[in-house]
Amino acid sequence: MFLRSAWLAVLSGLLSLGLPSADWTAGNRVEDEGEGRQNDQATPDPKKPPHIIFILTDDQGYNDIGYHNPSIRTPTLDRLAAEGVRLENYYVQPICTPSRSQLLTGRYQIHTGLQHSIIRPRQPSCLPPRLHTLPQRLQQAGYATHMLGKWHLGFYRKACLPTRKGFDTFFGSLTGSVDYYSYGSCDGPGLCGYDLHDNESVAWGQQGRYSTLLYTQRARKILEGHDPTAQPLFLLLSLQAVHTPLQPPKSYIYPYRHMYNVARRKYAAMVSLVDEAVHNVTYALRKLGYYRNSVIVFSTDNGAQPFTGGSNWPLRGRKGTYWEGGVRGVAFVHSPLLKRRRRVSKALLHITDWFPTLLGLARANSSQSEGLDGFDVWPTLSEGKESPRQEILHNIDPLHKPPSPPGPRPGSGKWSQHIWDTSVQAAIRVGDWKLLTGDPGHGDWVPPQTLSSLPGRWWDLERTFTPSSASKTTANQNIWLFNISGDPYERWDVSAQRPDVVQALLERLAFHNRTAVPVFFPPDDPRADPALRGGAWGPWVEEEEGEEGRGVEEEQERYRGVYKRRERKEKQMSKLNAYFLKLNEQLTSSLV
């Protein structure tokens, strides 16, 4: 650990000699009014670990919260963030399963085998049984643990279910996307099933009840049925909102009637419904005696998809990409136990940090979980101390590598041969610097689609800001370098100007890659069809008593090195991307 910290300190010093940093959040800062102010905070009781309420939203973008965008109505979230600590240098993963796996294990994807894509409903895959989860460790520390909402971490065996991964109770969906009213979930034509579960049973009969409201009501019941003075509580409220399908109740759409774009209007309404849900949960915490000894964490799981109503503006990229729009998360911590409140933190933080941080709050020993990639950042959050994190490995995905002829690709130079294969999709940040290799994903800047008229010249300027960053050139490039502190919108690729930084970060990628476990991405299993189990998704592999963990390990060994190909879907996505690029060009050219 000492050598790791020392190396990072030296590298960070080297890499800081780059572009000047800019105070790019100055317009949103609240710390000037109350930084360090001692508020009516509670005095922590060393004999009573705090209650932990973790609220995770799905596909909520950087520009989809009131304190970043006043056109989005989130008064509760804005107030909680303003009275707590807003995290403005916080990172998640670009898609659902990876973020959830890193939250619950404290480990990068390269150390869980989940480096590639998400866990599909028919894939025999889930979290590795050898890894302790956050709720399991909290159970050992004496916590009651409950989960509500979206799981999306595999369910092909009962050993993969939330109730077998540390949660005393679970009420929610196992797949990645469900209808908000019918709870139907599809994984292709004719492969649909009901997906709402109460612990390990199918929760039939809930159709017609909106999921965000249903989960909020269940959260209140959990809080009402628990004695906050007798046992600490961990509640993970993992809302499926604001993931598609866009299905807000009509009454929530009306305040956004001025928005021209229908998808944006519905999406914004769903965000406001999330805000109301958080209001109801926090009201219950105060009313039922939890609040003064509680820590509330709010976090998104990845960036938004602009073409379905979300917005990451002014960040580059979208959900599923390693541009800032895909990985920079919206988050805050609200707690009477914070020593310095009402401030904005720009300390570098990552979703893996919650594992050791929350265990520290629970008075648990995180050293019992070896190989963690997260850091205990409570002193950073509570007291404003420097973050122990100086580096984030966003990911290394060896399966996301297009076929190419031998020899370096354009933009790879000597590095692919001597240090790192730059055709592999990877992204890393050290200090101010961020390096991307391979295909980072669709790299356009998509403005908020809320105008009453079509976009004009300004959009064309944003889309072609510099020749080096224009969308049309990215297909022939596989190395990008940005000074994120000075260039948070990733407009200025300086890889050609700073080959020393590129080399240092490529070497760091190679170092991390030597610690990676093999990718586990098995093909679909036809036995997963919901029609074989009464029309509901659920575990389809039977296991004998006492062999739960061994069964998962055997399954992973069986499919080791065997990967599912989704060439048809990839072609469809490629056509979709090309369509939107062509549409953008037509819109802008017709208005110029």
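The values are calculated or read from the model by the stated rules, or taken from the named source; none is laboratory data. Predicted model, so just to flag it, every value in this text is computed and none were measured. When we count neighbours, we look across all protein chains shown, and the Cβ atoms used for this are built from the backbone with ideal geometry, even at glycine. These area figures cover heavy atoms from the full protein model, side chains too; ligands, DNA and RNA do not enter into them. Shrake-Rupley method; radii C 1.70, N 1.55, O 1.52, S 1.80 Å.
Restricting to region 219-238, what's the tally of residues that are buried (at least 17 other Cβ atoms within 10 Å of the Cβ) and either at pLDDT below 95 or not in a helix (DSSP H, G or I) (or both)? So the count comes out to 9. Within region 292-320, the set of residues being out of contact with any Asp or Glu (no Cβ under 9 Å at 6 or more places or on another chain) and among the polar types (S, T, N, Q) comprises Ser294, Ser299. In region 189-211, is there at least one residue being at pLDDT 95 or above and within 21 Å of the chain's Cα centre (by Cα)? Yes, some residue in region 189-211 is at pLDDT 95 or above and within 21 Å of the chain's Cα centre (by Cα).
Screening Phe375, Phe355 for residues that are within 22 Å of His132 (Cβ to Cβ) and part of a loop (DSSP other than H, G, I, E, B) leaves exactly one candidate, Phe375. Checking every residue in region 246-263 against the condition of being under 17 Å from the mean Cα position of the chain (by Cα) and on the phi < 0 side of the Ramachandran plot gives zero matches.
Every condition in (1) closer than 23 Å to Pro70 by Cβ; (2) without any contact (Cβ under 8 Å) to a residue 60 or more places away in the chain; (3) not in a helix (DSSP H, G or I) is met by Ala241 except one, and the failing one is (2).
No other residue among Ser16, Ser101, Ser12 is over 30 Å from Pro245 (Cα atoms), open to solvent by less than 40 Å² (accessible area, probe 1.4 Å) and either at pLDDT 95 or above or touching a Gly at 6+ places or on another chain (Cβ under 6 Å) (or both) apart from Ser12. When every residue of region 455-465 is checked against the conditions, at least one turns out to be at pLDDT below 90, open to solvent by 10 Å² or more (accessible area, probe 1.4 Å) and among the β-branched types (Val, Ile, Thr). In region 155-164 there is no residue matching the filter, namely being open to solvent by 10 Å² or more (accessible area, probe 1.4 Å) and over 29 Å from Arg130 (Cβ atoms). From the list Arg122, Arg73, Arg137, the lone residue that is surrounded by 23 or more Cβ atoms within 10 Å (Cβ to Cβ), in contact with a helix residue (DSSP H, G or I) (Cβ under 8 Å, 6 or more places away or on another chain), among the charged types (D, E, K, R) and assigned to a loop (DSSP other than H, G, I, E, B) is Arg122. Please verify whether region 179-196 includes one or more residues that are open to solvent by 10 Å² or more (accessible area, probe 1.4 Å), touching a helix residue (DSSP H, G or I) at 6+ places or on another chain (Cβ under 8 Å), over 18 Å from Ile296 (Cα atoms) and aliphatic (A, V, I, L, M). Within region 179-196, one or more residues are open to solvent by 10 Å² or more (accessible area, probe 1.4 Å), touching a helix residue (DSSP H, G or I) at 6+ places or on another chain (Cβ under 8 Å), over 18 Å from Ile296 (Cα atoms) and aliphatic (A, V, I, L, M). Residue pairs whose Cβ atoms lie under 8 Å apart, separated by 6 or more positions or on different chains, with the first residue in region 356-374 and on the phi > 0 side of the Ramachandran plot and of a type outside the set (Asp, Glu) and the second part of a helix (DSSP H, G or I) and surrounded by 19 or more Cβ atoms within 10 Å (Cβ to Cβ), are Gly371/His111. Among residues that are buried (at least 23 other Cβ atoms within 10 Å of the Cβ), farther than 30 Å from Glu554 by Cα and polar (S, T, N, Q), Ser211 is included. Quick one: is Gly303 part of a loop (DSSP other than H, G, I, E, B) and in contact with a Leu (Cβ under 9 Å, 6 or more places away or on another chain)? Spelling it out, Gly303 is indeed part of a loop (DSSP other than H, G, I, E, B) and in contact with a Leu (Cβ under 9 Å, 6 or more places away or on another chain). Take the residues in region 260-287 that are more than 15 Å from Asn63 (Cβ to Cβ) and among the polar types (S, T, N, Q); name whichever of them is most open to solvent (accessible area, probe 1.4 Å). Filtering region 260-287 for residues that are more than 15 Å from Asn63 (Cβ to Cβ) and among the polar types (S, T, N, Q), the one most open to solvent (accessible area, probe 1.4 Å) comes out as Asn280. Restricting the first member to region 198-217 and to residues that are touching a residue at least 40 places away in the same chain (Cβ under 8 Å), and the second to residues that are open to solvent by 60 Å² or more (accessible area, probe 1.4 Å) and assigned to a helix (DSSP H, G or I), the beta-carbon pairs closer than 9 Å and six or more apart or on different chains are Glu200/Lys158; Glu200/Arg164; Val202/Arg533; Thr212/Glu276; Leu213/Glu276; Thr216/Glu276.
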